[in-house]
1. Looking only at helices (runs of 4 or more DSSP H) that lie completely in the stretch 70-165, which have at least 3 residues being touching a helix residue (DSSP H, G or I) at 6+ places or on another chain (Cβ under 7 Å) and farther than 22 Å from Gly232 by Cα?
2. So which of Gly255, Gly286, Gly316, Gly295 is at positive phi and in the same structural domain as Leu200 (by TED's automatic domain parsing)?
3. Only one of these conditions is not met by Cys213: (1) modelled with pLDDT of 95 or more; (2) surrounded by fewer than 18 Cβ atoms within 10 Å (Cβ to Cβ). Which number is it?
4. I need the full set of residues from the stretch 183-231 which are polar (S, T, N, Q) and over 15 Å from Ile173 (Cβ atoms), in order please.
5. Looking at the stretch 96-112, which of its residues are among the charged types (D, E, K, R), modelled with pLDDT under 95 and touching a Leu at 6+ places or on another chain (Cβ under 9 Å)?
6. Give the stretch 119-133 a look and list any residue that's crowded, with 17+ Cβ neighbours inside 10 Å and without any contact (Cβ under 8 Å) to a residue 40 or more places away in the chain, or say none.
7. Considering every residue within the stretch 134-157, establish whether at least one is buried (at least 24 other Cβ atoms within 10 Å of the Cβ) and at pLDDT below 95.
8. Among (1) part of a loop (DSSP other than H, G, I, E, B); (2) surrounded by 15 or more Cβ atoms within 10 Å (Cβ to Cβ), where does Asp197 come up short?
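The values are calculated or read from the model by the stated rules, or taken from the named source; none is laboratory data. All of these numbers come straight from a predicted model, not from anything done at the bench. Positions of Cβ are generated from backbone atoms using ideal geometry, with glycine treated the same way; all protein chains shown enter the neighbour counts.
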Amino acid sequence: MGSRHVNIPIFIPHIGCPNACVFCNQRSISGHTDFDPSSVDRQIAEALSTIDGDASCEIAFFGGSFTGIDRELMLYLLGVAQKYIDAGRVEGIRMSTRPDYINRCVLSDLSRFSVRTVELGLQSLDDRVLIASGRGHDAACALRACADIKRAGYELIGQMMIGLPESTAESEIMTARMIAEAGADGARVYPTVVFYDTELAAMTERGQYTPLCDEEAVERTKNVLSVFDEYGVPCIRVGLQSSENLADESKVLGGANHSAIGELAMGELFYERICREIESRNIRGGELTVYVPVGCVSKAVGQKKRNKERICQKYGFKHIKVLEKNQILGYNIILEHNI
């Protein structure tokens, strides 16, 4: 078993991005309204003091468009992080940024430091959705950035959103496929949350945009998780974290605001896969054992045992056991049936 991976997050506010995406109230999301570069060294040292010595650590510059900030500030921050790598206390650097802030000069700057991973806020690869969301770049720009990052030898994490203006289930599935085919090593999926003080909130109040309810967001997230699984691309996160003020109702007007949205979507995908296998083998009644990947029992069982209950009711099983098995990966399952 490999050592535990830990990100040390350093939140860079909106100083790196002059763009105004309709969904973005970046200060609300990160909870940081200002930024003191001189505090970064202390933040890293304090975080390291709380982390087990056998953990694999990366310093992660999140919260803004890191490669879009002032170049001297970016180089300074990378230098602070590099000091901890050179001392053997941290293994690498990761960052989140926008596709239009990836170019040859930026990649040349990054090559001077121990950068491992670039997380790219792609959001959608449908030009209609990008225009309606005010992203300020097109899908071709995003795909070029993906190719440049991979060519430079970095790990690529593609971030996408569910339920943006003009987005459909079909365009989201297309986006997931394109991210996977662009060589992504991982993905993050964010169902759209409507924050106050954003253009999307104004669009909602004017009736120009209807936020997804939790049920729709779960179904559409399940669809893209299935695509990423098909391509062997791990999804490292679904939904905003609680630290990103998701639970603070005073900041949220609407959208998929359920704290366990990822767990629910993963549960639906397991439910779908189990049902498909039951039907392909035409098994009914008796006892069913479902083997799932390690760490996935609660997802396959479903919240409040919902999946077990639905499957028993639908197919007449007297009893269902869900067990983990080392050799199984992704959302694959193995069924054993006893009458």
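1. 71-86, 104-110, 127-132
2. Testing whether each residue is at positive phi and in the same structural domain as Leu200 (by TED's automatic domain parsing) leaves just Gly255.
3. The single condition Cys213 does not satisfy is (1).
4. Hits for the stretch 183-231 are Thr192, Thr198, Thr204, Gln208, Thr210.
5. Hit for the stretch 96-112 is Arg98, nothing else.
6. Matches in the stretch 119-133: Leu120, Leu130.
7. Checked against the condition, which is being buried (at least 24 other Cβ atoms within 10 Å of the Cβ) and at pLDDT below 95, the stretch 134-157 yields at least one hit.
8. (2)
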